[in-house]
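Notes follow the structure.
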Amino acid sequence: MTSSNNPRRVMLLTGASRGIGHATVKRFSAAGWRVITCSRHGFPENCPWEMGPEDHLQVDLADPQDTLRAIAEVKGRLDNEGGCLHALVNNAGISPKAAGGARLSALNTPYEDWIHVFHVNFFASIILARGLVDELTRARGSIVNVTSIAGSRVHPFAGAAYSTSKAALAALTREMAADFGPLGVRVNAISPGEIDTSILSPGTEKLVEQIPLRRLGTPDEVAKAIYFLCTEASSYVSGAELHINGGQHV
Ligand SMILES: NC(=O)c1ccc[n+]([C@@H]2O[C@H](COP(=O)([O-])OP(=O)(O)OC[C@H]3O[C@@H](n4cnc5c(N)ncnc54)[C@H](OP(=O)(O)O)[C@@H]3O)[C@@H](O)[C@H]2O)c1
């Protein structure tokens with residue numbers, strides 16, 4: 001649903017500067033959405049979509065105070081939109097590695113890394129959703145949390161903090177679907193497998209041999225699923241976690 005005096009839909013997307021987020025902003029802007037993007041860095045030159053620099057917000061989602069500042073800023077930017085937010089996509093994520101790119105296990109992940117990973121991958125999602133609940137409710141909007149195949153099994157490269165943060169985010173999606181549903185806000189997750197972005201580790205090509213579709217996914221294939229979950233085609237879908245992994249989870 002859109003506000004009566006403004007037919008344009010608006011999305012807030014975290015982690016838009018590359019990878020899956022970048023493909024997502026391209027897909028939604030091509031469909032006429034206004035996309036407010038956020039990440040730590042300023043907007044790159046040669047923005048491939050209109051309004052990119054103006055609609056970008058620099059925020060460090062590892063810092064709860066900075067996330068709250070960003071929420072206030074987003075609210076201001078939605079004034080011209082009748083205070084409506086049609087989609088919140090919690091896509092920003094980090095997957096730190098040990099020296100030399102080694103996997104950080106449950107035994108050797110430093111405490112500071114657990115905290116950092118959980119702030120970006122988990123806490124920021126609920127801080128943003130709670131902070132923008134009025135705007136989402138007004139628009140009868142949709143939230144998509146980006147989890148991971150690593151949230152449901154031990155992964156050869158993804159570390160223990162990353163994987164548990166994604167498992168927590170999957171559980172949070174269930175809780176949020178129950179709590180936001182009565183407000184008319186749908187909450188779902190997408191769980192990518194091996195998608196061709198900079199987050200992948202060397203050696204992923206060996207994993208691909210085990211994937212039924214025998215190839216990496218593309219960022220746009222993930223963006224298409226996010227689009228589905230934010231639009232009318234999925235109007236009765238809430239509390240779902242959609243696997244986008246070429247059958248890797250079977
Ligand atoms: N690629 C895969 O195969 C795969 C598989 C499963 C799940 N995922 C999940 O999909 C999502 C996107 O992954 P990707 O591969 O596209 O990752 P990516 O290429 O590494 O991009 C990560 C994005 O998050 C932003 N970001 C990182 N830390 C941030 C912080 N503290 N505050 C604000 N923004 C921050 C980055 O922007 P800045 O650097 O400008 O801050 C960047 O835009 C992640 O949640 C990831 O866990 C990916």
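Would you mind stating whether Asp196 is without any contact (Cβ under 8 Å) to a residue 24 or more places away in the chain and within 14 Å of the ligand (Cβ to nearest atom)?
Values: without any contact (Cβ under 8 Å) to a residue 24 or more places away in the chain: yes; within 14 Å of the ligand (Cβ to nearest atom): yes.
Considered against the rule, which asks whether it is without any contact (Cβ under 8 Å) to a residue 24 or more places away in the chain and within 14 Å of the ligand (Cβ to nearest atom), Asp196 comes out as yes.
On the phi > 0 side of the Ramachandran plot and open to solvent by less than 20 Å² (accessible area, probe 1.4 Å), is that true of Gly15?
Criteria met by Gly15.
If you check Ala240 against the conditions, is it free of Cβ contacts under 8 Å to residues at least 24 places away in the same chain, away from the ligand (no atom under 13 Å from the Cβ) and open to solvent by 20 Å² or more (accessible area, probe 1.4 Å)? Break it down into steps so the answer makes sense when it comes.
Details: free of Cβ contacts under 8 Å to residues at least 24 places away in the same chain: no; away from the ligand (no atom under 13 Å from the Cβ): yes; open to solvent by 20 Å² or more (accessible area, probe 1.4 Å): yes.
No; evaluated as a whole, the condition is false for this residue.
Could you figure out which of (1) in a helix (DSSP H, G or I); (2) open to solvent by 20 Å² or more (accessible area, probe 1.4 Å); (3) closer than 17 Å to Val146 by Cβ isn't true of Ile94?
All conditions pass for Ile94, except number (1).
Restricting to the stretch 202-250, and then to whatever is basic (Lys, Arg) and part of a loop (DSSP other than H, G, I, E, B), can you tell me which residue is nearest to the chain's Cα centre (by Cα)?
As a first pass, look at the stretch 202-250 and keep what is basic (Lys, Arg): 206, 214-215, 224.
From what's left, part of a loop (DSSP other than H, G, I, E, B): 214-215.
Working: Arg214: 25, Arg215: 23 Å.
Applying the filter and picking the extreme gives Arg215.
Here's a check for you: in the stretch 18-27, which residue that is open to solvent by 40 Å² or more (accessible area, probe 1.4 Å) and near the ligand (Cβ under 8 Å from one of its atoms) is modelled with the highest pLDDT?
Of the stretch 18-27, the ones open to solvent by 40 Å² or more (accessible area, probe 1.4 Å) are 18, 22, 26-27.
In the following step, the residues that additionally are near the ligand (Cβ under 8 Å from one of its atoms) were identified as 18, 22.
Numbers: Arg18: 88, His22: 92.
So the residue we want is His22.
Residues being surrounded by 24 or more Cβ atoms within 10 Å (Cβ to Cβ) and over 19 Å from Arg103 (Cβ atoms): count how many of those fall in the stretch 157-184.
3
Would you pick out the residues in the stretch 224-250 that are among the hydrophobic types (A, V, I, L, M, F, W, C), touching a Gly at 6+ places or on another chain (Cβ under 9 Å) and more than 22 Å from Ala178 (Cβ to Cβ)? Working first, answer last.
Going through the stretch 224-250, the residues among the hydrophobic types (A, V, I, L, M, F, W, C) turn out to be 225-226, 228-230, 233, 237, 240, 242, 244, 250.
Now narrow it down to the ones that are touching a Gly at 6+ places or on another chain (Cβ under 9 Å): 230, 244.
Across the stretch 224-250, the qualifying residue is only Ile244.
Residue check: is Thr147 in contact with a Leu (Cβ under 7 Å, 6 or more places away or on another chain), open to solvent by less than 50 Å² (accessible area, probe 1.4 Å), over 22 Å from Arg40 (Cβ atoms) and not aromatic (Phe, Trp, Tyr)?
Working: in contact with a Leu (Cβ under 7 Å, 6 or more places away or on another chain): yes; open to solvent by less than 50 Å² (accessible area, probe 1.4 Å): yes; over 22 Å from Arg40 (Cβ atoms): no; not aromatic (Phe, Trp, Tyr): yes.
No: the conditions fail for Thr147.
Working only within the stretch 133-163, note down all residues that are assigned to a helix (DSSP H, G or I), touching a helix residue (DSSP H, G or I) at 6+ places or on another chain (Cβ under 8 Å) and of a type outside the set (A, V, I, L, M, F, W, C).
First pass over the stretch 133-163, keeping only residues assigned to a helix (DSSP H, G or I): 133-139, 149-151, 160-163.
If we keep only those that are touching a helix residue (DSSP H, G or I) at 6+ places or on another chain (Cβ under 8 Å) as well, we get 133, 135-137, 150-151, 161-163.
If the condition is that a residue be assigned to a helix (DSSP H, G or I), touching a helix residue (DSSP H, G or I) at 6+ places or on another chain (Cβ under 8 Å) and of a type outside the set (A, V, I, L, M, F, W, C), then Glu135, Thr137, Gly151, Tyr162, Ser163 are the ones that fit.
Do you know which residues across the stretch 79-100 are over 20 Å from the mean Cα position of the chain (by Cα) and within 14 Å of the ligand (Cβ to nearest atom)?
Taking the stretch 79-100 and keeping what is over 20 Å from the mean Cα position of the chain (by Cα), we get 79-83, 97-100.
Selection gives Lys97 alone.
Which numbered condition trips up Val35, out of (1) modelled with pLDDT of 95 or more; (2) surrounded by 14 or more Cβ atoms within 10 Å (Cβ to Cβ); (3) away from the ligand (no atom under 15 Å from the Cβ)?
The number of the failed condition is (3).
The values are calculated or read from the model by the stated rules, or taken from the named source; none is laboratory data. Given the structure is predicted, the values throughout are model-derived calculations rather than measurements. All Cβ positions, even for glycine, are placed from backbone atoms using ideal geometry, and neighbour counts span all protein chains on display. Accessible surface is based on the protein model in full, side chains and every heavy atom, while ligands, DNA and RNA are left aside. Shrake-Rupley method; radii C 1.70, N 1.55, O 1.52, S 1.80 Å.
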